[in-house]
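The values are calculated or read from the model by the stated rules, or taken from the named source; none is laboratory data. As the structure is a prediction and not an experimental result, all values here were calculated from the model. When we count neighbours, we look across all protein chains shown, and the Cβ atoms used for this are built from the backbone with ideal geometry, even at glycine. In case anyone asks, the SASA skips ligands and DNA or RNA and just uses the protein heavy atoms, side chains included. Shrake-Rupley method; radii C 1.70, N 1.55, O 1.52, S 1.80 Å.
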Amino acid sequence: MTAAPVDPTSTSAWARLASLAEGFSPDLRAWFDQDPGRVERLTRTAGDLRVDLSKSLVDDDVLAALLDLAEEIGLAARREAMFRGERINVTEDRAVLHTALRLPRDTPADRRPTLDGQDVVADVHEVLDRVYAFADRVRSGDWTGVTGERVRTVVNIGIGGSDLGPVMAYEALAAYRQEGLECRFISNIDPTDAATTLAGLDPATTLFIVSSKTFGTLETLTNARLCRQWLLDGLRERGDLTDEPGERAAVVQHFVAVSTALDKVADFGIDPDNAFGFWDWVGGRYSLDSAIGTSLAIAIGPERFAELLAGFHAMDEHFRTAPAADNVPLLMGLLNVWYTDFLGAETHAVLPYSQLLHRFPAYLQQLTMESNGKGVRWDGSPVTTETGEVFWGEPGTNGQHAFYQLLHQGTRLVPADFVAFANPAYPLADGEEDVHELFLANFLAQTRALAFGKTADEVRAEGTEESIVPARVFTGNRPTTSIIAPDLTPSVLGQLVALYEHITFTQGVVWGIDSFDQWGVELGKQLAQQVGPALAGDADALAEQDASTRALIAYYQEHRRR
Ligand code: F6P
């Protein structure tokens, strides 16, 4: 039985934070002027990541109280329980062992979690070996479609955690992809997604990976059926299919699956030998580094995928072993609690200065919001504080010309994480203009402007007419964290993802919530099953709907064209 959550508001650290927050008037200009050691004192290293917290809205007292809060909450014990494989996902009665997905094969016995007597690390590596062997076959052309042609396009069919991780990482690691082998991703049940993704593809050279933890998700199974139909129709049109055994063989050659429910895979026509498993102790949003990453393993190859896992593991070790005051995920999680519960922040921006990370904010939205968007604690009692912030973001510099206005001069407090790399993903050609340097100048300029702003006197000194001065003042004191690494490598990507997993964990533990269930998505799924027949004209189902839904259905029925 897991221990009851400590109510954070009952701790003495919370009371101290509340009194520090009262009348808190951060002044980053003064703090930097008066304290030459601030940057050094508030910069940490975790793996390859240098994390500069100096532009955060914290002073030493706040930081000390946050660390005390972690202590009083019992964060270290809960973290240990997670790494050990205790069933900390209380409402689903499951262990939470995504960190085991990246444990090295030769992890010593005292660090190998076992579940019901089973060696989890051995299981993980058995599946990894199969994924790697399969990836190698596809990459080398040894795995062919039913006509004997090699695979040119891999289409991952999945949604949520079975899509966002693979697509984010595939984009992020574009520089590491094998040439002539493309991945595409279908997630939305909007049929436009499948139609536009499949457009222009040759069925004979297309391989589908049906990725679904449960193998019961409506979107994924519907899209998988659409894709199967597209494959068979396309092959038939080319004259490559003539009979039913041929159709079955085509599905076997062109469809593989990733799931925890391997028993359901065969019903779809997929050969269980071509299915890669994972386990109920891996949450969907924590599954990129399981077999769910098969499309990525094909794109970047087993060696690079192993580097990604090593990066995850390096951050896990940092989170598990670094002292609290140096522990980056812990500090960043605690800072988020400070912003959310004491300074009234409602959202949190993630702003990668890397175009290749353009899906990173979307990935983090599921990770953070499906994990911590909850109003009850793991013992069923209501939370006693505000919980999960709204995560959002876009890569710089695009965001600068869209929403940064609000970050700089709006009335809301929006803590922001900036992520940047010293080197461009693709090396500069000889004599090429160093646009990456210009790009980095923007990252530095933005974090500086947000922190230090521009005073009325400085505006006036530029000769600005007095009536315009207020509109051109920047108050500053807008908190940012700068995360910088040498390069966006597979390992660094793994470190980044694990960093945010553990930030999310830290916040969840402080708030006392189960960050690993997601009951909040269930009601909509159930209601969709009820509304479906009403849309199709079933009078009884229609009568069960509320007045607004009935009116919208009437509109649909009036306007649909078939
Ligand atoms: O949205 C709910 C959810 O269960 C996510 O947590 C999960 O990542 C997604 O659906 C997809 O589920 P599955 O992998 O089982 O198809």
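Tabulated results
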quantity: Answer from ARG412, ARG460, ARG448 - the residue that is without any contact (Cβ under 8 Å) to a residue 24 or more places away in the chain and within 25 Å of SER54 (Cβ to Cβ); calculated: ARG448
quantity: Whichever residue in segment 341-367 is open to solvent by less than 10 Å² (accessible area, probe 1.4 Å) and in a helix (DSSP H, G or I) and, among such residues, is farthest from the ligand (Cβ to nearest atom); calculated: LEU357
quantity: Residue ID - nearest to the ligand (Cβ to nearest atom), chosen from residues in segment 169-194 that are open to solvent by less than 60 Å² (accessible area, probe 1.4 Å) and more than 22 Å from the chain's Cα centre (by Cα); calculated: ALA194
quantity: Complete set of residues in segment 196-237 that are without any contact (Cβ under 8 Å) to a residue 60 or more places away in the chain and not in a helix (DSSP H, G or I); calculated: ALA199, GLY200, LEU201, ASP202, PHE208, SER212, THR214, PHE215, GLY216, THR217
quantity: Odd one out for TYR132 among (1) within 16 Å of the ligand (Cβ to nearest atom); (2) of a type in the set (Ser, Thr, Tyr); (3) more than 20 Å from the chain's Cα centre (by Cα); calculated: (1)
quantity: Segment 149-162, subset within 16 Å of the ligand (Cβ to nearest atom) and touching a strand residue (DSSP E or B) at 6+ places or on another chain (Cβ under 6 Å), residue farthest from ASP193 (Cα to Cα); calculated: SER162
quantity: Residue match in segment 93-102 (condition: more than 25 Å from TRP14 (Cα to Cα), of a type outside the set (S, T, N, Q) and out of contact with any Phe, Trp or Tyr (no Cβ under 9 Å at 6 or more places or on another chain)); calculated: yes
quantity: Contacts under 9 angstrom Cβ, first residue in segment 284-298 being open to solvent by 10 Å² or more (accessible area, probe 1.4 Å) and within 9 Å of the ligand (Cβ to nearest atom), partner outside any loop (DSSP other than H, G, I, E, B) and polar (S, T, N, Q), 6 or more apart; calculated: GLY284/SER162; GLY284/GLN366
quantity: Top-ranked residue of segment 507-551 - restricted to ones that are of a type in the set (A, V, I, L, M) and within 30 Å of PHE391 (Cβ to Cβ), ranked as farthest from the ligand (Cβ to nearest atom); calculated: VAL510
quantity: Residue among VAL251, VAL210, VAL256 that is near the ligand (Cβ under 10 Å from one of its atoms), of a type outside the set (Asp, Glu) and within 16 Å of ILE270 (Cβ to Cβ); calculated: VAL210
quantity: Enumeration of residues in segment 213-241 that are within 15 Å of the ligand (Cβ to nearest atom) and farther than 17 Å from ASP267 by Cβ; calculated: GLU219
quantity: Which numbered condition VAL146 misses (of (1) touching a residue at least 40 places away in the same chain (Cβ under 8 Å); (2) part of a helix (DSSP H, G or I); (3) away from the ligand (no atom under 16 Å from the Cβ)); calculated: (2)
quantity: ASN398 vs. criteria among the polar types (S, T, N, Q) and open to solvent by less than 30 Å² (accessible area, probe 1.4 Å); calculated: no
quantity: 2 or more residues within 19 Å of the chain's Cα centre (by Cα): qualifying helices (runs of 4 or more DSSP H) within segment 486-560; calculated: 490-511
quantity: Conditions (1) surrounded by fewer than 20 Cβ atoms within 10 Å (Cβ to Cβ); (2) closer than 24 Å to GLN495 by Cβ: number failed by VAL96; calculated: (1)
quantity: Scope segment 133-143; condition buried (at least 18 other Cβ atoms within 10 Å of the Cβ) and not in a helix (DSSP H, G or I); matching residues; calculated: TRP143
quantity: Flag if THR99 is of a type in the set (Ser, Thr, Tyr) and part of a helix (DSSP H, G or I); calculated: yes
quantity: Matching option when the condition is closer than 26 Å to TYR500 by Cβ, open to solvent by less than 60 Å² (accessible area, probe 1.4 Å) and in a loop (DSSP other than H, G, I, E, B), among VAL58, VAL51; calculated: VAL58
quantity: Within segment 106-132, tally of residues that are assigned to a helix (DSSP H, G or I) and open to solvent by 50 Å² or more (accessible area, probe 1.4 Å); calculated: 6
quantity: Residue ID - farthest from VAL120 (Cα to Cα), chosen from residues in segment 252-277 that are open to solvent by 10 Å² or more (accessible area, probe 1.4 Å) and assigned to a loop (DSSP other than H, G, I, E, B); calculated: GLY269
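For (1) modelled with pLDDT under 95; (2) over 17 Å from the mean Cα position of the chain (by Cα); (3) closer than 27 Å to VAL6 by Cβ, each residue gets a yes or a no:
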{"residue": "TYR339", "(1), (2), (3)": "no, yes, yes"}
{"residue": "THR347", "(1), (2), (3)": "no, no, yes"}
{"residue": "PRO352", "(1), (2), (3)": "no, no, no"}
{"residue": "LEU356", "(1), (2), (3)": "no, no, no"}
{"residue": "PHE360", "(1), (2), (3)": "no, no, no"}
{"residue": "THR368", "(1), (2), (3)": "no, no, yes"}
{"residue": "LYS374", "(1), (2), (3)": "no, yes, yes"}
{"residue": "ARG377", "(1), (2), (3)": "no, yes, yes"}
